[in-house]
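Notes follow the structure.
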Amino acid sequence: MELSVQNIEVSIGAKHIVRGVSLRASEKQLVGIIGPNGSGKSSLLKAVYRVLKPQAGMVHLNETDISTLSLRETAQKLGVMSQINEFSFDFTVEKMVRMGRTPYKHLMEADSTEDTKLVEDAMEQTGIDALRDRNYSTLSGGEKQRVLIARTLTQQTPCIILDEPTNHLDIKYQLQLMNIVRSLKRTVLAAIHDLNIAAMYCDYLYALKDGLIAGEGKPGDLLTEAFIRDIYEVEAKVVFDNCGRQYIHYVSCLS
């Protein structure tokens, strides 16, 4: 499934946050959105998955304008892992993960054997089996993050939105999660904070600054020392190993 965003404008109150952004994630492509804090990454994604209503622009899944779909139909096509949020009611980890099957259920419909298998597989993949009976509110930030990605995996959608998926995770689980995402072979649009993660896993990048697309391209082409300096206002050294893998090292100006 292809995801396309066309001329999206988002304002909250008098603040113009996203300014005519267009981007595309082709089928089975992992596309990253990078940029400094406050650049509009999360607001853009919220407009894509219909939490924020854009003032202008359209989002298409293949040829379908997403605004013409019911929320249930949207949830069957577009899985979302937002940043960690709290809930009015507390649930166990297993129940949280099972919520990923909700878009396919009628009221009071019981889980099927297939549902249960998807839940078990997702908890195993994300390493949260031992947490299944814990309440979500008692978990650490990293554990909550893994529960949310497990819930998204059970949703089994052809397109996935990830808002800073490696936030709160230690290095082991950052790499594990991104390896899982790559292995799914689905269309993924992800806001990514860590440029090394973006370079390692993304097929294509869009950089946001002040609500505008400041650059786009393959990681090896886009993430130059000059571009990083311009976007993030920091000094960095960009190197490639013998296998062509890209690494970004930040340079401290402190003596």
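The values are calculated or read from the model by the stated rules, or taken from the named source; none is laboratory data. Keep in mind that what you see is a predicted model, and the values were worked out from it rather than measured. Methodologically, a virtual Cβ is constructed for each residue, glycine included, from the backbone with ideal geometry; neighbour enumeration extends over all protein chains shown. Calculation scope for accessible area: heavy atoms of the full protein, side chains included, ligands and nucleic acids excluded. Shrake-Rupley method; radii C 1.70, N 1.55, O 1.52, S 1.80 Å.
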* Structure fact -> Any lysines whose Cα falls less than 17 Å from that of K185, other than same-chain ones fewer than 8 residues away, would be K28, K77
* L69 label point, 7 Å along Cα→Cβ, cut-off 19 Å on backbone N: hits in the range 97-121? -> 99-106
* Asked: Under a 1.4 Å probe, what is the accessible area of the range 1-120 per residue, stated in Å²?
  -> 53
* Structure fact -> Pairs over 32 Å Cα to Cα, from K53/K117; K46/K172; K105/K209; K95/K218; K53/K209; K15/K237, come to K53/K117; K105/K209; K95/K218; K15/K237
* Label point 7 Å out from N167 along Cα-to-Cβ: which residues of the range 38-55 have amide N under 16 Å? -> 38-49, 51-52
* Kirkwood Rh over Cα pairs of the chain into Stokes-Einstein at 10 °C, 1.306 mPa s: D in µm²/s? -> 83
* Report the charge-dipole magnitude of the chain in Debye, nearest 20, computed about the Cα centre from +1 at each Lys and Arg Cβ and -1 at each Asp and Glu Cβ. => 260
* Once you put a point 7 Å from the Cα of S11 and another 7 Å from the Cα of D221, both along the Cβ direction, what distance in nm separates them? -> 3.5
* **Mean Cβ count within 10 Å, highest first, over the residues of peptides 122-129, 74-81, 230-237, 218-225** => 74-81, 122-129, 218-225, 230-237
* Structure fact -> For the chain, whose charge dipole is built from +1 on Lys and Arg Cβ atoms and -1 on Asp and Glu Cβ atoms, the candidate among S11, L177, G35 with its Cα farthest towards the positive end is S11
* Starting from the Cα of K41, draw a straight line to each of the aspartates and glutamates and keep only those under 17 Å, dropping any in the same chain fewer than 8 residues away. => E9, D163, E164, D194, D210, E216
* Asked: Using the Cβ atoms and a cut-off under 14 Å, what net charge is assigned to the surroundings of R50, where Lys and Arg are +1 and Asp and Glu are -1?
  -> +1
* Of the listed peptides 195-202, 8-15, what is their order by residue-averaged count of other C-beta atoms within 10 Å, with the highest listed first? -> 195-202, 8-15
* Stokes-Einstein D for the range 37-118 at 37 °C, 0.692 mPa s, Kirkwood Rh over Cα pairs, in µm²/s? -> 218
* Asked: Does the range 146-255 come out rounded, prolate or oblate by the C-alpha gyration tensor, with a ≥ b ≥ c the root eigenvalues, rounded set by a/c under 1.5 and, if not, prolate when a/b is larger than b/c and oblate if not?
  -> prolate
* Where does the range 1-67 land on Rg/Rh, using Cα atoms and the Kirkwood Rh? -> 0.96
* Cβ under 14 Å from I8's Cβ, I8 left aside: what net charge do those residues give with Lys, Arg +1 and Asp, Glu -1? -> +4
